[in-house]
There are 2 protein chains.
Amino acid sequence: MIWHISLSGTGGQGIILAGIILAEAAILEGKQAIQTQSYGPEARGGASKAEVIISDAAIDYPKIVVADILLAMSQEACTKYVGLLKKGGKLIVDNTNIQDIPAIDAEILSAAITKAAREQLGNAMFANIIALGVLVAGTGIVARESILKAVLRRVPKGTEDVNQRALEIGFHLGDVAK
Amino acid sequence: MIWHISLSGTGGQGIILAGIILAEAAILEGKQAIQTQSYGPEARGGASKAEVIISDAAIDYPKIVVADILLAMSQEACTKYVGLLKKGGKLIVDNTNIQDIPAIDAEILSAAITKAAREQLGNAMFANIIALGVLVAGTGIVARESILKAVLRRVPKGTEDVNQRALEIGFHLGDVAK
């Protein structure tokens with residue numbers, strides 16, 4: 001049995017979080033789930049939508065098979081997903097956690113992401129925001145001011161300053177790694 | 001130009017949040033983006049992955065075209081997405097925000113979700129968690145204890161109790177609406 005569930009509303013109603021929670025609940029009971037948000041011009045208007053597919057069995061759904069950019073924050077993830085990276089793509093590794101980088105035909109940007117989170121911000125939990133900074137500085141996929149705006153929108157109130165600092169540490173690490 | 005970006009690591013590193021932020025940054029600068037997490041047996045192991053597609057132009061990517069269940073939390077979302085619902089599907093509407101329910105061949109569960117969030121919890125921001133309760137009680141898509149576990153994992157520390165109460169209010173509203 002496969003269920004397709006659409007959650008819809010306006011920005012700020014927590015629709016995306018609801019979709020993530022629903023998908024995770026399905027996983028907790030041994031089902032499989034895919035959770036997707038599509039953002040486009042219509043998402044900037046009023047109505048927005050998150051989609052969740054829940055299934056008792058494996059879901060036959062197109063996944064990304066070739067990535068232009070792969071961020072790997074753990075050794076296991078790096079080993080497991082490096083085959084996704086296209087030839088000439090960019091691999092960004094957190095070398096705090098990854099010692100063994102597979103030999104591949106890709107540009108490798110290596111940075112001590114988790115180490116910087118721990119030593120400069122006192123908490124490894126900021127590694128994801130630092131990683132975004134490394135990724136944006138290293139690839140130019142979006143502008144630095146865009147990722148900053150998006151970070152400030154999503155992080156809990158009261159943590160804006162430390163997350164901005166995390167992002168800037170990431171920009172610096174990304175610039176140096178290039 | 002379309003970029004496929006995979007973000008990978010282990011649970012707890014904030015990979016999903018990083019994917020959401022990256023997609024939102026792209027939207028902020030007028031690009032289009034899709035952000036997906038696939039959860040499956042492998043997600044319960046070590047390595048996990050979020051995927052982001054960023055494009056200058058419209059992304060040709062399969063979306064859900066027929067939903068078994070549609071949650072609508074705003075009038076605009078209800079009007080816009082009700083066509084997605086399959087015949088005989090379930091439409092869950094937040095009747096605090098939606099007065100005009102289209103005539104459709106579906107089971108309609110109507111509940112005052114945002115009103116309950118405001119009046120019983122003092123903040124409309126809990127509407128998404130109440131909505132999950134209504135959805136789970138009204139559809140049985142996952143067990144109540146699974147959604148509770150998933151809620152408690154995702155909400156900010158210190159807000160577990162109020163979010164559990166939100167979910168239970170939703171279960172009650174869903175039971176009554178059936």
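The values are calculated or read from the model by the stated rules, or taken from the named source; none is laboratory data. All of these numbers come straight from a predicted model, not from anything done at the bench. Here the Cβ positions follow ideal geometry from the backbone for every residue, glycine too, while neighbour counts run over all protein chains shown.
Structure notes:
- The range A:135-178, residues that are β-branched (Val, Ile, Thr) and within 17 Å of B:Ile15 (Cα to Cα): A:Val136, A:Ile147, A:Val151, A:Val155
- Looking across the range B:122-167, just one residue is in contact (Cβ under 8 Å) with a residue 12 or more places away in the chain, within 17 Å of A:Trp3 (Cα to Cα) and not in a helix (DSSP H, G or I), and that is B:Ile141.
- Near pairs, Cβ below 6 angstrom, 6+ apart or cross-chain, from the range B:10-29 (more than 7 Å from chain A (Cβ to nearest Cβ) and assigned to a helix (DSSP H, G or I)) to any residue that is crowded, with 24+ Cβ neighbours inside 10 Å and of a type outside the set (Gly, Ala, Ser): B:Gly19/B:Leu7; B:Gly19/B:Gln35; B:Gly19/B:Val52
- For the range A:168-178, the set of residues classified as under 26 Å from B:Ser55 (Cβ atoms) and in a helix (DSSP H, G or I) consists of A:Gly170, A:Phe171, A:Gly174, A:Asp175, A:Ala177, listed by residue number.
- Residue count, the range B:140-170 (criterion: surrounded by fewer than 20 Cβ atoms within 10 Å (Cβ to Cβ) and within 20 Å of B:Ile98 (Cα to Cα)): 0
- Residues in the range A:114-165 that are at the interface with chain B (Cβ under 7 Å from one of its Cβ atoms) and small (Gly, Ala, Ser): 5 in all.
- Checked against (1) more than 9 Å from every other protein chain (Cβ to nearest Cβ); (2) within 16 Å of A:Leu70 (Cα to Cα); (3) not basic (Lys, Arg); (4) not in a loop (DSSP other than H, G, I, E, B), A:Ile104 meets all criteria but (4).
- Residues of the range A:67-79 satisfying the condition of being out of contact with any strand residue (DSSP E or B) (no Cβ under 8 Å at 6 or more places or on another chain) and either buried (at least 22 other Cβ atoms within 10 Å of the Cβ) or modelled with pLDDT of 95 or more (or both): none
- B:Ser55 vs. criteria crowded, with 21+ Cβ neighbours inside 10 Å, modelled with pLDDT of 85 or more and more than 18 Å from the chain's Cα centre (by Cα): no
- Of residues in the range A:80-96 being assigned to a helix (DSSP H, G or I) and under 26 Å from A:Ile169 (Cα atoms), the one modelled with the lowest pLDDT: A:Tyr81
- Test result for A:Leu148, at pLDDT 95 or above and in contact with a Gly (Cβ under 8 Å, 6 or more places away or on another chain): no
- Residue list for the range A:38-48, restricted to those being facing chain B (nearest Cβ under 7 Å) and either out of contact with any helix residue (DSSP H, G or I) (no Cβ under 8 Å at 6 or more places or on another chain) or at pLDDT 80 or above (or both): A:Ser38
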